1. Among the residues that make up segment 132-153, is at least one of them small (Gly, Ala, Ser), assigned to a helix (DSSP H, G or I), touching a Lys or Arg at 6+ places or on another chain (Cβ under 9 Å) and within 21 Å of ARG210 (Cα to Cα)?
2. What is the one condition in (1) surrounded by fewer than 15 Cβ atoms within 10 Å (Cβ to Cβ); (2) in a loop (DSSP other than H, G, I, E, B) that GLU157 does not satisfy?
3. Are any residues in segment 77-108 part of a helix (DSSP H, G or I) and farther than 16 Å from SER58 by Cα, and if so, which ones?
4. Quickly run through segment 187-196 and pick out the residues that are part of a helix (DSSP H, G or I) and either over 17 Å from MET221 (Cβ atoms) or hydroxyl-bearing (Ser, Thr, Tyr) (or both).
5. I need the full set of residues from segment 113-131 which are in a loop (DSSP other than H, G, I, E, B) and in contact with a strand residue (DSSP E or B) (Cβ under 6 Å, 6 or more places away or on another chain), in order please.
6. Check segment 309-317 and report whether any residue there is more than 17 Å from the chain's Cα centre (by Cα), buried (at least 18 other Cβ atoms within 10 Å of the Cβ) and in a loop (DSSP other than H, G, I, E, B).
7. Looking only at segment 238-258, decide whether some residue is part of a loop (DSSP other than H, G, I, E, B), more than 22 Å from ASP209 (Cβ to Cβ) and touching a residue at least 12 places away in the same chain (Cβ under 8 Å).
8. Within segment 160-183, work out how many residues are under 24 Å from THR263 (Cα atoms) and assigned to a loop (DSSP other than H, G, I, E, B).
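The values are calculated or read from the model by the stated rules, or taken from the named source; none is laboratory data. The structure displayed is predicted, hence computed values, not measured ones. Note that we place each Cβ from the backbone using ideal geometry, even for glycine, and neighbour counts take in every protein chain shown.
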Amino acid sequence: MKGKIILEEAFNLPRLAEEEAKLYASVHGAVLLGKALADIDGRIAAMDEAGVEMQVLSLTSPGCQGVSDPAEAHRMAMESNDYIAEKVRANPTRFASFAAVSMHDPNQAVRELTRAVVELGCVGVMLNDFQSSGPDGNTMLFYDDPKYDIFWAAVEELDILVYLHPRLPTKRIFNELYKDRKWLQASAWGFANQLSIHILGIATSGVFDRFPGVQLAFGHMGEHIPFDLWRLDHKLDRDRFPDMKMAKNKTIRDYFATNMHITTSGHFSTRSLQSAIAELSASRIMFSIDYPYEDGLMEGSTWFDNVPLSQPDLLAIGRENALKLLKLDRAPHNLKPGLSLKQLEVGGLKGAIYPDDATHLRTHTRGA
């Protein structure tokens with residue numbers, strides 16, 4: 001399928017790319033990963049080959065959220081937003097961007113977010129889980145705290161998407177949970193385990209009730225949440241938790257119908273996607289790859305183009321949902337909505353199709 005839109009696709013500032021890549025890769029792998037994170041212009045040939053029309057770019061994790069000094073975190077956000085805006089301006093039909101913001105000060109976050117959206121043209125904001133804070137970096141700031149209501153109000157007013165992305169744990173959490181099992185701290189398990197708590201905290205704190213226009217997305221087939229919806233709603237007993245702030249007549253499943261979306265980034269399982277569609281509907285799911293932490297664009301694209309879905313679902317997940325949610329039909333991107341299946345050549349990429357849910361072991365650059 002041509003015309004795919006992918007929206008969990010990372011970049012890094014060239015001055016940081018190779019050094020920060022060492023957090024996720026071997027010494028040799030970090031060189032390659034760093035180059036891939038810094039190289040934006042060089043992605044277009046691979047996008048063409050994989051049938052990807054647009055990448056929505058975001059500052060790689062942990063970005064500003066990993067900087068515990070408020071002034072430094074804010075400087076990084078401004079530098080990143082200015083840098084990526086130039087890249088998007090140079091090629092707006094192939095790239096869009098999510099803003100980066102420091103979340104130390106909600107008022108400052110609102111100002112930078114507004115600048116990034118109104119002046120620089122960002123189509124949303126990427127938050128890499130909690131904000132590191134404190135002199136040792138072990139303090140975690142979460143956005144279900146009422147002090148962030150001003151931020152959520154601005155998001156609603158700007159009418160943009162918030163994308164929540166995982167990050168590595170603080171040193172304290174690492175020592176408590178992962179020191180003796182470090183292979184679990186990142187993408188294998190820890191990312192989803194930690195971020196899902198933050199997502200559910202936002203939902204159960206009533207953010208979506210106070211700001212019903214807020215739209216929240218997260219990747220990796222929903223960070224485990226779609227597959228546990230029944231148990232979540234069954235166990236969030238209002239008699240047992242009378243101080244829980246979410247509306248008494250709402251369930252987590254309800255918020256997936258009005259406020260929450262997932263992407264397929266880094267999770268190329270046919271059965272998982274089919275299950276997610278059954279739980280959420282295709283209207284709440286968007287195709288993404290998680291480049292460059294997944295090896296290239298072809299693997300995920302070939303998988304998606306061969307998933308046994310109805311053509312309307314393939315079109316919605318691969319293109320239309322993201323185009324509508326991020327308003328990519330507007331200037332300067334001007335993507336065309338509602339293209340026919342024939343125009344997009346659905347059924348295009350052909351290649352190896354993974355056996356459904358067979359153990360599929362590969363070497364990832366993103367690891368423990």
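1. Yes, because at least one residue in segment 132-153 is small (Gly, Ala, Ser), assigned to a helix (DSSP H, G or I), touching a Lys or Arg at 6+ places or on another chain (Cβ under 9 Å) and within 21 Å of ARG210 (Cα to Cα).
2. It is condition (2) that GLU157 fails.
3. Within segment 77-108, ALA90, PRO106, ASN107, GLN108 meet the criteria.
4. Scanning segment 187-196 gives a single hit, SER196.
5. CYS122, VAL123, PHE130 - these are the residues of segment 113-131 that are in a loop (DSSP other than H, G, I, E, B) and in contact with a strand residue (DSSP E or B) (Cβ under 6 Å, 6 or more places away or on another chain).
6. Yes, because at least one residue in segment 309-317 is more than 17 Å from the chain's Cα centre (by Cα), buried (at least 18 other Cβ atoms within 10 Å of the Cβ) and in a loop (DSSP other than H, G, I, E, B).
7. Keep residues of segment 238-258 that are part of a loop (DSSP other than H, G, I, E, B), which gives 238-251.
Next cut, more than 22 Å from ASP209 (Cβ to Cβ) only: none.
Looking for residues that are part of a loop (DSSP other than H, G, I, E, B), more than 22 Å from ASP209 (Cβ to Cβ) and touching a residue at least 12 places away in the same chain (Cβ under 8 Å), one finds none in segment 238-258, hence no.
8. Matching residues across segment 160-183 total 6.
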